[in-house]
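Everything on this sheet refers to the single structure shown next.
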Amino acid sequence: MQKKLLLVIDVLNDFVHSEGKLNCGEDAEKIIPFIVEKVNDFVREKHPIVLVKDAHIIDDLEFERFPTHCIKETWGAEVIEELAFLEVYPKVYCVEKQRYSAFYNTNLDKILETEKPEEIYILGVCTNICVLYTVEELCNRDYKVFVYKDGVASFDAQAHEFALQQMENVLGAEII
(Lines give C-alpha, C1' and ligand atoms only; values in the text may rest on other atoms or scores of the structure.)
Protein backbone atom coordinates (compact mmCIF):
# COMPACT_ATOMS: atom_id res chain seq x y z
CA MET A 1 0.00 0.00 0.00
CA GLN A 2 1.25 3.48 -0.91
CA LYS A 3 2.14 5.81 1.96
CA LYS A 4 -0.38 8.65 1.65
CA LEU A 5 -0.72 12.05 3.27
CA LEU A 6 -3.68 14.43 3.14
CA LEU A 7 -3.27 18.22 3.05
CA VAL A 8 -6.41 20.09 4.12
CA ILE A 9 -5.81 23.68 3.04
CA ASP A 10 -7.56 26.60 4.75
CA VAL A 11 -10.81 24.86 5.62
CA LEU A 12 -11.31 27.63 8.15
CA ASN A 13 -14.30 29.61 9.39
CA ASP A 14 -13.35 32.84 7.60
CA PHE A 15 -13.18 31.06 4.23
CA VAL A 16 -15.90 28.41 4.49
CA HIS A 17 -18.49 29.53 7.06
CA SER A 18 -21.31 31.73 5.78
CA GLU A 19 -20.34 34.40 8.35
CA GLY A 20 -16.63 34.26 7.49
CA LYS A 21 -14.79 37.46 6.60
CA LEU A 22 -13.51 36.15 3.24
CA ASN A 23 -16.14 33.53 2.56
CA CYS A 24 -15.72 31.54 -0.65
CA GLY A 25 -19.50 31.29 -1.01
CA GLU A 26 -21.85 28.40 -1.61
CA ASP A 27 -19.23 26.42 -3.51
CA ALA A 28 -17.10 26.21 -0.35
CA GLU A 29 -20.06 25.18 1.78
CA LYS A 30 -21.03 22.50 -0.77
CA ILE A 31 -17.66 20.72 -0.51
CA ILE A 32 -17.75 20.31 3.29
CA PRO A 33 -19.44 16.86 3.26
CA PHE A 34 -16.90 15.60 0.69
CA ILE A 35 -14.01 16.98 2.76
CA VAL A 36 -15.33 15.33 5.92
CA GLU A 37 -15.75 12.03 4.05
CA LYS A 38 -12.18 12.08 2.71
CA VAL A 39 -10.72 13.12 6.07
CA ASN A 40 -12.58 10.22 7.70
CA ASP A 41 -11.17 7.85 5.05
CA PHE A 42 -7.62 8.97 5.88
CA VAL A 43 -8.27 8.64 9.62
CA ARG A 44 -9.73 5.16 9.17
CA GLU A 45 -6.65 4.12 7.16
CA LYS A 46 -4.37 5.81 9.76
CA HIS A 47 -2.66 8.11 7.24
CA PRO A 48 -1.18 11.43 8.37
CA ILE A 49 -3.20 14.60 7.84
CA VAL A 50 -1.85 18.14 7.69
CA LEU A 51 -4.22 20.98 8.50
CA VAL A 52 -2.86 24.05 6.75
CA LYS A 53 -4.21 27.17 8.41
CA ASP A 54 -4.02 30.78 7.28
CA ALA A 55 -2.92 32.68 10.41
CA HIS A 56 -2.27 36.39 10.04
CA ILE A 57 -1.22 39.19 12.35
CA ILE A 58 -3.55 42.17 12.50
CA ASP A 59 -1.48 44.41 10.21
CA ASP A 60 -0.37 41.78 7.70
CA LEU A 61 0.61 43.22 4.31
CA GLU A 62 -1.72 40.74 2.60
CA PHE A 63 -4.59 42.92 3.78
CA GLU A 64 -3.58 45.49 1.19
CA ARG A 65 -4.85 42.97 -1.42
CA PHE A 66 -7.58 41.13 0.50
CA PRO A 67 -9.93 42.05 3.35
CA THR A 68 -8.75 41.28 6.88
CA HIS A 69 -9.22 37.56 7.57
CA CYS A 70 -7.93 34.62 9.62
CA ILE A 71 -6.33 36.66 12.38
CA LYS A 72 -4.36 34.31 14.65
CA GLU A 73 -6.30 32.98 17.63
CA THR A 74 -9.69 34.19 16.40
CA TRP A 75 -12.80 32.26 15.40
CA GLY A 76 -12.13 33.04 11.74
CA ALA A 77 -8.74 31.29 11.83
CA GLU A 78 -10.15 28.10 13.39
CA VAL A 79 -10.77 24.90 11.47
CA ILE A 80 -14.48 24.42 10.78
CA GLU A 81 -16.53 22.64 13.43
CA GLU A 82 -17.09 19.60 11.18
CA LEU A 83 -13.35 18.82 11.40
CA ALA A 84 -12.90 19.55 15.13
CA PHE A 85 -12.67 15.80 15.78
CA LEU A 86 -9.17 15.90 14.29
CA GLU A 87 -7.88 17.54 17.48
CA VAL A 88 -7.63 14.07 19.01
CA TYR A 89 -6.29 12.28 15.94
CA PRO A 90 -2.68 11.30 16.75
CA LYS A 91 -1.44 11.68 13.16
CA VAL A 92 -2.58 15.25 12.56
CA TYR A 93 -0.20 18.17 12.10
CA CYS A 94 -1.12 21.85 12.09
CA VAL A 95 0.80 24.24 9.86
CA GLU A 96 0.11 27.94 10.28
CA LYS A 97 0.99 30.06 7.26
CA GLN A 98 1.03 33.75 6.46
CA ARG A 99 1.27 33.52 2.66
CA TYR A 100 -0.41 31.57 -0.13
CA SER A 101 2.02 28.65 -0.18
CA ALA A 102 1.93 26.25 2.76
CA PHE A 103 5.73 26.07 2.49
CA TYR A 104 6.61 29.75 3.01
CA ASN A 105 8.04 30.23 6.53
CA THR A 106 6.49 26.98 7.82
CA ASN A 107 7.67 23.53 8.89
CA LEU A 108 5.80 21.68 6.12
CA ASP A 109 9.06 20.49 4.51
CA LYS A 110 10.12 18.90 7.81
CA ILE A 111 6.75 17.18 8.22
CA LEU A 112 7.02 15.74 4.71
CA GLU A 113 10.62 14.61 5.39
CA THR A 114 9.41 12.86 8.56
CA GLU A 115 6.35 11.22 6.99
CA LYS A 116 7.94 10.42 3.60
CA PRO A 117 4.62 10.21 1.69
CA GLU A 118 4.60 8.58 -1.72
CA GLU A 119 1.33 10.32 -2.59
CA ILE A 120 -0.08 13.62 -1.37
CA TYR A 121 -3.79 14.36 -1.64
CA ILE A 122 -5.21 17.89 -1.53
CA LEU A 123 -8.51 19.38 -0.32
CA GLY A 124 -9.45 22.95 0.51
CA VAL A 125 -9.80 26.56 -0.55
CA CYS A 126 -9.15 28.69 -2.50
CA THR A 127 -8.35 26.61 -5.55
CA ASN A 128 -6.69 29.44 -7.45
CA ILE A 129 -4.73 30.86 -4.53
CA CYS A 130 -3.51 28.76 -1.60
CA VAL A 131 -4.28 25.38 -3.17
CA LEU A 132 -2.57 26.28 -6.46
CA TYR A 133 0.57 27.76 -4.89
CA THR A 134 0.97 24.85 -2.48
CA VAL A 135 0.48 22.30 -5.27
CA GLU A 136 3.06 24.18 -7.35
CA GLU A 137 5.63 23.80 -4.58
CA LEU A 138 4.78 20.13 -4.03
CA CYS A 139 5.17 19.38 -7.73
CA ASN A 140 8.47 21.27 -7.87
CA ARG A 141 9.65 19.00 -5.05
CA ASP A 142 8.70 15.99 -7.20
CA TYR A 143 5.87 14.71 -5.02
CA LYS A 144 3.08 12.73 -6.65
CA VAL A 145 0.11 15.04 -6.09
CA PHE A 146 -3.62 14.36 -6.36
CA VAL A 147 -6.21 17.14 -6.09
CA TYR A 148 -9.78 16.15 -5.29
CA LYS A 149 -11.88 18.14 -7.77
CA ASP A 150 -14.95 17.79 -5.52
CA GLY A 151 -12.91 18.89 -2.50
CA VAL A 152 -11.67 22.30 -3.66
CA ALA A 153 -13.50 25.59 -4.21
CA SER A 154 -13.01 29.29 -4.82
CA PHE A 155 -15.02 32.49 -4.81
CA ASP A 156 -14.09 32.89 -8.50
CA ALA A 157 -15.44 30.09 -10.73
CA GLN A 158 -13.29 31.00 -13.75
CA ALA A 159 -10.12 31.18 -11.67
CA HIS A 160 -11.06 27.86 -10.04
CA GLU A 161 -11.26 26.14 -13.45
CA PHE A 162 -8.06 27.82 -14.65
CA ALA A 163 -6.21 26.67 -11.51
CA LEU A 164 -7.38 23.06 -11.96
CA GLN A 165 -6.12 23.15 -15.56
CA GLN A 166 -2.78 24.65 -14.51
CA MET A 167 -2.29 22.08 -11.76
CA GLU A 168 -2.99 19.24 -14.18
CA ASN A 169 -1.50 20.45 -17.48
CA VAL A 170 1.45 22.52 -16.28
CA LEU A 171 2.37 21.14 -12.85
CA GLY A 172 1.50 17.50 -13.46
CA ALA A 173 -0.85 17.01 -10.52
CA GLU A 174 -3.62 14.51 -11.06
CA ILE A 175 -7.13 15.93 -10.69
CA ILE A 176 -9.37 13.19 -9.34
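The values are calculated or read from the model by the stated rules, or taken from the named source; none is laboratory data. Because the structure is a prediction, the values reported are computed rather than measured. Note that we place each Cβ from the backbone using ideal geometry, even for glycine, and neighbour counts take in every protein chain shown. Please note that ligands, DNA and RNA were not included when accessible areas were found on the heavy atoms of the full protein model with its side chains. Shrake-Rupley method; radii C 1.70, N 1.55, O 1.52, S 1.80 Å.
Among the residues of the stretch 101-117 satisfying the criterion of being open to solvent by 60 Å² or more (accessible area, probe 1.4 Å) and outside any helix (DSSP H, G or I), which is nearest to VAL135 (Cα to Cα)? Show your work before the answer.
Start the filter on the stretch 101-117 by keeping residues that are open to solvent by 60 Å² or more (accessible area, probe 1.4 Å), which leaves 104-105, 107, 110, 113-114, 116.
Next, only the ones that are outside any helix (DSSP H, G or I) stay: 104-105, 107, 116.
Working: TYR104: 13, ASN105: 16, ASN107: 16, LYS116: 17 Å.
So, considering only residues that are open to solvent by 60 Å² or more (accessible area, probe 1.4 Å) and outside any helix (DSSP H, G or I), the one nearest to VAL135 (Cα to Cα) is TYR104.
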Determine if the stretch 11-32 includes at least one residue that is in contact (Cβ under 8 Å) with a residue 60 or more places away in the chain and within 25 Å of GLU115 (Cα to Cα). yes
Complete set of residues in the stretch 146-162 that are aromatic (Phe, Trp, Tyr), part of a strand (DSSP E or B) and open to solvent by 20 Å² or more (accessible area, probe 1.4 Å): TYR148
Could you give me the residue pairs with C-beta distances under 7 Å whose first residue belongs to the stretch 97-108 and is without any contact (Cβ under 8 Å) to a residue 60 or more places away in the chain and over 13 Å from LEU61 (Cα atoms), whose second residue is acidic (Asp, Glu) and not in a strand (DSSP E or B) wherever it lies, and which are 6+ apart or on separate chains? SER101/GLU137; PHE103/ASP109; PHE103/GLU137
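Which is in contact with a Gly (Cβ under 9 Å, 6 or more places away or on another chain), under 25 Å from VAL170 (Cα atoms), among the hydroxyl-bearing types (Ser, Thr, Tyr) and surrounded by 14 or more Cβ atoms within 10 Å (Cβ to Cβ), of TYR121, TYR143?
On the way: TYR143 fails: in contact with a Gly (Cβ under 9 Å, 6 or more places away or on another chain).
None of the others qualify; the one that does is TYR121.
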